[in-house]
1. May I ask you to compute the full-extension gain from His2 to Glu143, defined as 0.36 nm times their residue separation minus their alpha-carbon distance, rounded to one decimal in nm?
2. How many Å² of accessible area per residue for the range 56-122, probe 1.4 Å?
3. Sort the following peptides by mean Cβ neighbour count (other Cβ atoms within 10 Å, averaged over residues), highest first: 165-172, 12-19.
4. In Å, the Kirkwood hydrodynamic radius of the range 1-107 over pairs of distinct alpha carbons?
5. Of the residues Leu38, Leu194, Leu25, which exhibits the maximal mean-square fluctuation in a Gaussian network model of the chain defined by a 10 Å Cα contact cut-off?
6. Report, to the nearest whole %, how much of the accessible area of the chain belongs to carbon and sulfur atoms, 1.4 Å probe, protein only.
7. If we sort 124-134, 139-149 on the protection proxy, mean other Cβ atoms within 10 Å, highest first, what's the order?
8. Send over the semi-axes of the chain's equivalent ellipsoid, whole angstrom and largest first, taken as the square roots of 5 times the C-alpha gyration tensor eigenvalues.
Amino acid sequence: MHVSDLLAAAQAAPGFMPDDEGLALYEAARGVAVPGPLLEVGSWMGRSALYLAAAARETGRQVVTVDHHRGSEEHQPGWEYHDPSLVDPAVGLIDTLPRFRNTIATAGAEDVVVAVVTRSEVLAPLWSTPLALLFLDGSHTEESARRDQDAWVAKLAVGGTLAIHDVFPDPADGGQAPYGVYRRVLESGDFTELPGVGSMRLLRRER
Ligand code: MG
């Protein structure tokens with residue numbers, strides 16, 4: 001599919017990414033000036049992967065998505081975002097992989113999206129290719145947000161772009177774990193901030 005069709009598919013896909021933030025992610029990904037793949041931590045049903053896929057199609061890159069597809073803490077039984085229809089009865093666990101595959105396949109993006117089904121910290125030690133863009137949107141507990149930061153930020157190429165979703169400086173607007181990642185990354189002195197949209201923060205690695 002063409003870029004405009006991929007963007008339309010992204011906007012129609014299931015998920016929690018607002019359109020303006022998804023488009024900001026797409027623009028950041030298509031504008032990144034260094035070689036390398038785009039890598040997303042946390043895929044859910046593939047909505048943001050399609051925004052990245054549109055940029056990948058346009059710039060001749062690949063999108064790598066990392067997700068165990070068992071849902072985050074807030075998706076588990078008894079929690080706010082639990083959807084019983086997502087539970088695989090054979091194993092008694094959430095499984096978003098079929099929905100993810102459907103999203104990517106119906107958008108015609110299987111050639112630019114490489115899905116890795118595992119926990120991000122399991123893939124990270126196996127991964128050595130410098131990333132052009134890293135999108136952090138995994139579990140938002142303090143522990144997992146720190147783990148994803150520790151595992152992946154160093155793999156971003158100098159000149160590459162770090163995108164962090166769900167950054168809420170005011171605790172009244174949302175959990176603070178992604179904001180903590182954003183603060184620590186900025187305080188490292190290795191990044192400069194690019195214009196963001198909503199809760200999407202964009203930073204360029206300078207060294
Ligand atoms: Mg998110």
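The values are calculated or read from the model by the stated rules, or taken from the named source; none is laboratory data. Quantities reported herein were computed from a predicted structural model and do not represent experimental measurements. Note that we place each Cβ from the backbone using ideal geometry, even for glycine, and neighbour counts take in every protein chain shown. The accessibility values were calculated without ligands, DNA or RNA, using every heavy atom of the protein model including side chains. Shrake-Rupley method; radii C 1.70, N 1.55, O 1.52, S 1.80 Å.
1. Computed gain between His2 and Glu143 is 46.9 nm.
2. 54 Å²
3. Descending mean neighbour count gives 12-19, 165-172.
4. Computed over Cα pairs of the range 1-107, the Kirkwood hydrodynamic radius comes out at 14.4 Å.
5. Leu194
6. Roughly 55 percent, rounded to a whole number.
7. Highest mean packing first, the order is 139-149, 124-134.
8. Those come to 24, 21, 16 Å.
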